[in-house]
Amino acid sequence: MSFIRNAWYVACWSSDVKLGELFHRQILDEAVVFYRTQEGETVALQDRCPHRFIPLHMGKLVDGRIQCAYHGLEFDCTGRCVNNPHGDGRIPSAARVKSFPTVERHTFVWIWLGDGKPDISAIPDYGVLDSQAGYKTSGGYLHMNANYQLMADNLMDLSHITYVHDGYLGSPEQAGAAEVVESSERAVQANRWMPNISVPGIFDLLYRQDGQAVDMWTNMKWTAPSCFLLDTGVHRVGGQKEERGWYYGVHILTPETEHSTHYYFAVAMPVATALGPDEDRRYQALRRFAFEEQDKPILEAQQAALTGADFWEMKPVLLSVDAGSVRMRRIIEHMLEEERSNASTSINNTAVAD
């Protein structure tokens, strides 16, 4: 397995990169160090000094440059070595590190690790998290010891909430929910409709219906390679979507390695759904519990069960609820093959030119 590299990934929350500090993260098997310039711009560099391969995040910032902790070489925001304090100070031409394009949008730092030209318009729309959108927002982060595609399957197929999240996000009557799946070249949408069900705990808290039955929906959209936006909520049985009782859920998966993932999650609530301080703390705790104490053990056990094998080599039994995740995996496979083909063509053209 490999990663789609010519795509935007969330590197971290914007608030993680602070002025005067170094922040580091491994993304697509690439070690990256981040810092913020005096002008507020985010810089992303390869986190490995070319001299003795020490991680640059172990060093410090000196006048807007990263100083390596081992021998004091200094690298500017382009990745070029601009100071060698040893001997005659000559700087070898190979003394540079890769720099990566970044964009700050929707409270995240997005990074492009591919060789292709980055297209800012390809960043998924998470405008619901922007302050001017008018929603009450909150977010979190989890590190998961599972491949990002296993986690994507989990998000694309929300039939699991009946069992994994029973009493929190799910209830028994959801198992037979009608689902409609639609797909395009780079996206899949899976909509589930669950009429007249017992209200899950989190939604009872949001809707304040005191345990009465509700109609519920979960409309999940995946945008390649690993970004999700969920529109979910409840209303009275036979009613229509109201000003309260629903929210947008943001779920973004950034591969760390083949077997680990950075998981960013957030919620955007309309004003009428938004809770008071005590209820909001309870809601946040319940939601994090669902991800950390329920999803995480399942996904990490699933990863361990694969024991290094390819997902399709294991010959998984497919159910009707897998339609969305299978379409998603096929799109990812197509995109990977397209990148490999383009890379091969580029190498061949270079060889002919030489």
Signed unit charges on C-beta, dipole axis of region 128-334, positive-most listed residue Val321, Tyr141, Ala266: Ala266
Once amide H atoms are built 1.01 Å from N in the peptide plane, which residues 5 or more positions from Val199, or in another chain, come under 5 Å H to H? Val214
Could you identify which residue out of Arg287, Arg340, Arg244 has the top mean-square fluctuation in a GNM of the chain using Cα springs shorter than 10 Å? Arg340
Cut-off 12 Å between beta-carbons: net charge of the residues surrounding Glu339, Lys and Arg +1, Asp and Glu -1: -2
Of Gln174, Gly201, Ile66, which is farthest towards the positive pole of the chain's charge dipole, taken about the Cα centre with +1 and -1 on the beta-carbons of Lys, Arg and Asp, Glu respectively? Ile66
Dipole moment magnitude, nearest 20 debye, region 128-334 about Cα centre, only Lys, Arg, Asp, Glu C-beta charged: 320
By the gyration tensor of its Cα atoms, with a ≥ b ≥ c the square roots of the eigenvalues, what is the shape of region 215-354: rounded for a/c under 1.5, prolate for a/b over b/c, or oblate? prolate
What would the Debye equation give as log₁₀ I(q)/I(0) for region 172-258 at q = 0.18 Å⁻¹, counting only Cα atoms as equal point scatterers? -0.82
Mean projected area (nm²) from the convex hull of Cα positions in region 3-160 is 11.6
In a shell of Cβ-Cβ distance under 12 Å around Ile123, excluding Ile123 itself, what net charge do Lys and Arg (+1) and Asp and Glu (-1) give? -2
Just grab the label-to-label distance for Arg288 and Tyr141, each label 7 Å out from Cα along the Cβ direction, in nm (one decimal). 1.4
Name the residue, out of Leu129, Leu336, Leu158, whose mean-square fluctuation peaks in a Gaussian network model built on the chain with Cα pairs under 10 Å. Leu336
The size of the Cβ-based charge dipole (Lys, Arg +1; Asp, Glu -1) of region 6-106 about the Cα centre, to the nearest 20 debye, is 200
Dipole magnitude (debye, nearest 20) for the chain, charges at Cβ of Lys, Arg, Asp, Glu: 600
Please work out the ratio of the alpha-carbon Rg of the chain to 2.2 N^0.38 Å and round it to two decimals. 1.12
Which of Ser93, Ile120, Phe23, positive extreme of dipole for region 8-121 (C-beta unit charges): Ser93
Summing Lys, Arg as +1 and Asp, Glu as -1, what charge do residues with Cβ under 15 Å from the Cβ of Thr232 carry, Thr232 excluded? -1
Trypsin sites (Lys or Arg not before Pro) in region 8-72 lying in a DSSP loop, each with at most 16 other Cβ atoms within 10 Å of its Cβ, come to Lys18, Arg52
Note down the nm distance, to one decimal, between modelled labels 7 Å out along Cα→Cβ at Arg281 and at Asp119. 4.7
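Only the coordinates and a few stated rules stand behind these numbers; no lab work does. What you see is a predicted model; the values in this text were computed from it and never measured. Neighbour counts run over all protein chains shown; Cβ positions are idealised from the backbone, glycine included.
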